[in-house]
Amino acid sequence: MFRRAVKQSDRDPEVLIDSKLGDSAYVDTFGLEWQTFDGFVGKEMMSHGHLFGRFMLPKDFFSGKAVADIGCGNGRIGRLVAPLCDSYVGADLSEAVHSFPKYTQRPRKFSLVRASATDLPLEDASADATICWGVLHHVDEPVVAFSELVRITRRGGVILLYVYPQTLDVRKNLNAYMRGLPLQRGHEILEQLSDALDVWREIDSFFAPLLASNLALSFKHSKAWQKFQWYDGVTPRYHWSLEKRIPELADQSACS
Amino acid sequence: MLAVGVLITSCCTRNFAVIELLKAPIRHAGPLNGSVGAVDLPSWFPLQDAVLEAAGGVIQGKLGELPISAHKQEAGPQTVRLQIDLGQVSLPAISTGLSLTYFPWFRFLSEPLNFDAIGRVAEYVAGSFRFLLERNGTVASVEGDGDSRRVRTAAGLEIEVTGMAALRSVTLASGPMRTSIDLNTRRIEIDHRMFPAAYEAGAELLKTPDRLINVDATIDESHLYLAAAGGGANV
């Protein structure tokens, strides 16, 4: 499965560390977010819909398949897929991978590895299905990462990909404004923003959604989830606009 | 922070509708014949959050919360005609008109009774700020005349609101510190001592080659200045 050495994490023997793991500082915020908030609990149906619903996948789609989940975070998608497939490897550059839940039923083969999406330690053509959900737009070199997805997916296999739609380009200024701030300061700003929007939400059912739409930030039922989602959307260092480029990259890689 | 976020994202799309809505109440009036009134409105007009006023204030409240029936029909490409039946309400004999007014600031102030903002926007918005301060336990007063009103607290915070016909600017001052928002020029000055995170975000950005789209951003030791490029033309 691995093309080079990986070692067990001191923190959790189930988590492996790529021997070539480089600088992961820029994903520290994601690591903290995914370890602080569990984006899955209470959102099972939504997470299910993200993957199965969007692609209209049958329930047994992953049955018998080797699955690679690149940028798996704390397993928001992986915990749905792992119990259904033959083998699962979840890779993430951040420490979020340590929060992949222990309660998730493991398939016959199961691995979690801290590794960069732009230089995966996985062997060529090792996955029947490769998932990369909401990750490429946050990678420093998305084109390189895409070529890695192609490399690890066997010919005739499938890559299930989600990148931010172009409609979220309106966040560009907010993203550029926020990205230099340390984590704590970023949280502080989003707390203020979230609280201010909630005030409008209380008093004007027209203006509050207009404000949220202006900022490309959507209201959530849970305050913690709202801030988490906003933070995830607004603060990362990289925020590429990829929607138009993916079909072009797929063509170049002879993917369909 | 909300103001900064809204300004820079509005600049990105060159759509300043949110800022424009905050400036002044939008009022549409129509005739009342007997107990039935009609008002022509732009199709985007937020009916449920608009305040209906009829019979010289006998009826006054958000349309969505009043126990009256209203029916909407198309009256043009971007216009709707709202017919309102006030038959169930006891109206004075001589009632000739009604109006619908929308202003996002409604409800900050002594809701649901005071929707009197037309021609006295600065006073209304100053009252809203006072209400917000008082709600958080800070005693505040409103004073001033002419085109400006000032909200003052015992701790020395002063919020100056300018523009009685339409909101032009809001300035927060405390001792030597000063942060202001100019809605007409679409410019914000952020004092780092008042909003350190907002200042630092801009400072960090300006250390990099990255720039905000359609925003002129400059900085000095005390303030971050953000303004719509070209004053926000091409809206």
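Is it true that some residue in the stretch A:235-242 is among the basic types (Lys, Arg) and modelled with pLDDT under 80? Among the residues of the stretch A:235-242, not one is among the basic types (Lys, Arg) and modelled with pLDDT under 80, which makes the answer no. Does B:ALA229 satisfy the condition of being surrounded by 18 or more Cβ atoms within 10 Å (Cβ to Cβ), within 13 Å of chain A (Cβ to nearest Cβ) and of a type outside the set (Val, Ile, Thr)? For B:ALA229, the condition - surrounded by 18 or more Cβ atoms within 10 Å (Cβ to Cβ), within 13 Å of chain A (Cβ to nearest Cβ) and of a type outside the set (Val, Ile, Thr) - is not met. A single member of A:ALA196, A:ALA208 is more than 7 Å from chain B (Cβ to nearest Cβ) and in contact with a helix residue (DSSP H, G or I) (Cβ under 6 Å, 6 or more places away or on another chain), and it is A:ALA208. The single condition among (1) surrounded by fewer than 23 Cβ atoms within 10 Å (Cβ to Cβ); (2) in contact (Cβ under 8 Å) with a residue 24 or more places away in the chain that A:VAL139 does not meet is (1). Comparison of B:ASP216, B:ASP220, B:ASP147, B:ASP191 shows that the only residue that is crowded, with 17+ Cβ neighbours inside 10 Å, at pLDDT 95 or above and of a type in the set (Asp, Glu) is B:ASP191. Among the residues of the stretch B:1-24 satisfying the criterion of being buried (at least 21 other Cβ atoms within 10 Å of the Cβ) and polar (S, T, N, Q), which is farthest from B:PHE115 (Cα to Cα)? Selected residue: B:THR9. A search for C-beta distances below 8 Å between a residue of the stretch A:164-178 that is more than 7 Å from chain B (Cβ to nearest Cβ) and any residue that is surrounded by fewer than 17 Cβ atoms within 10 Å (Cβ to Cβ) and of a type in the set (S, T, N, Q), counting only pairs 6+ apart in sequence or on different chains, returns A:TYR164/A:SER241; A:GLN166/A:SER241; A:ASP169/A:SER241.
For the stretch A:144-203, filtered to residues that are farther than 18 Å from A:CYS72 by Cα and among the aromatic types (Phe, Trp, Tyr), the residue that is modelled with the highest pLDDT is A:TYR177. Scanning the stretch B:137-196 for residues that are farther than 18 Å from B:LEU224 by Cα and β-branched (Val, Ile, Thr) yields B:THR138, B:VAL139, B:VAL142, B:VAL151, B:THR153, B:ILE159, B:VAL161, B:THR162. If the condition is being closer than 24 Å to B:GLY156 by Cβ and either assigned to a loop (DSSP other than H, G, I, E, B) or hydrophobic (A, V, I, L, M, F, W, C) (or both), then the stretch B:201-223 contributes B:ASP220, B:GLU221, B:SER222.
Please find, among A:LEU190, A:LEU181, the residue that is within 7 Å of another protein chain (Cβ to nearest Cβ) and either under 23 Å from the mean Cα position of the chain (by Cα) or under 15 Å from B:ALA198 (Cα atoms) (or both).
Details: A:LEU190 fails: within 7 Å of another protein chain (Cβ to nearest Cβ).
One residue alone meets the criteria, A:LEU181.
Checked against the criterion of being part of a helix (DSSP H, G or I) and surrounded by 23 or more Cβ atoms within 10 Å (Cβ to Cβ), the candidates A:VAL97, A:VAL144 yield just one match: A:VAL97.
Working only within the stretch A:213-229, note down all residues that are in contact with a Leu (Cβ under 7 Å, 6 or more places away or on another chain) and more than 10 Å from chain B (Cβ to nearest Cβ).
At the first step, the residues of the stretch A:213-229 found to be in contact with a Leu (Cβ under 7 Å, 6 or more places away or on another chain) are A:215-216, A:227.
The answer is A:LYS227, and nothing else.
Residue-level check: of (1) surrounded by fewer than 24 Cβ atoms within 10 Å (Cβ to Cβ); (2) over 14 Å from the mean Cα position of the chain (by Cα), A:LEU160 misses just (2). If the condition is being closer than 23 Å to B:THR13 by Cβ and either more than 7 Å from chain A (Cβ to nearest Cβ) or not aliphatic (A, V, I, L, M) (or both), then the stretch B:210-224 contributes B:ASP210, B:ARG211, B:ASN214, B:ASP216, B:ALA217, B:THR218, B:LEU224.
Out of all the residues in the stretch B:180-200, which are within 14 Å of chain A (Cβ to nearest Cβ) and either in a loop (DSSP other than H, G, I, E, B) or in contact (Cβ under 8 Å) with a residue 24 or more places away in the chain (or both)? I'd like the intermediate steps shown before the answer.
Going through the stretch B:180-200, the residues within 14 Å of chain A (Cβ to nearest Cβ) turn out to be B:181, B:186, B:188, B:190, B:192, B:194-200.
Within the stretch B:180-200, B:ILE181, B:ARG186, B:ILE188, B:ILE190, B:HIS192, B:MET194, B:PHE195, B:ALA197, B:ALA198, B:TYR199 qualify.
With respect to B:THR138, is the statement that it is touching an Asp or Glu at 6+ places or on another chain (Cβ under 7 Å) and either more than 28 Å from B:GLU20 (Cβ to Cβ) or more than 12 Å from chain A (Cβ to nearest Cβ) (or both) true? So B:THR138 does not fit the description; no. Restricting attention to the stretch B:25-52, the residues that are aliphatic (A, V, I, L, M) and surrounded by fewer than 19 Cβ atoms within 10 Å (Cβ to Cβ) total 5.
Quick check on my filter: what residues within the stretch B:1-57 are farther than 22 Å from B:LEU167 by Cβ, within 14 Å of another protein chain (Cβ to nearest Cβ) and in contact with a helix residue (DSSP H, G or I) (Cβ under 9 Å, 6 or more places away or on another chain)? Within the stretch B:1-57, B:CYS12, B:LEU47, B:GLN48 meet the criteria.
The values are calculated or read from the model by the stated rules, or taken from the named source; none is laboratory data. These figures come from a predicted structure and were not determined experimentally. FYI the Cβ positions are ideal-geometry reconstructions off the backbone, even for glycines, and counts take in every protein chain you see.
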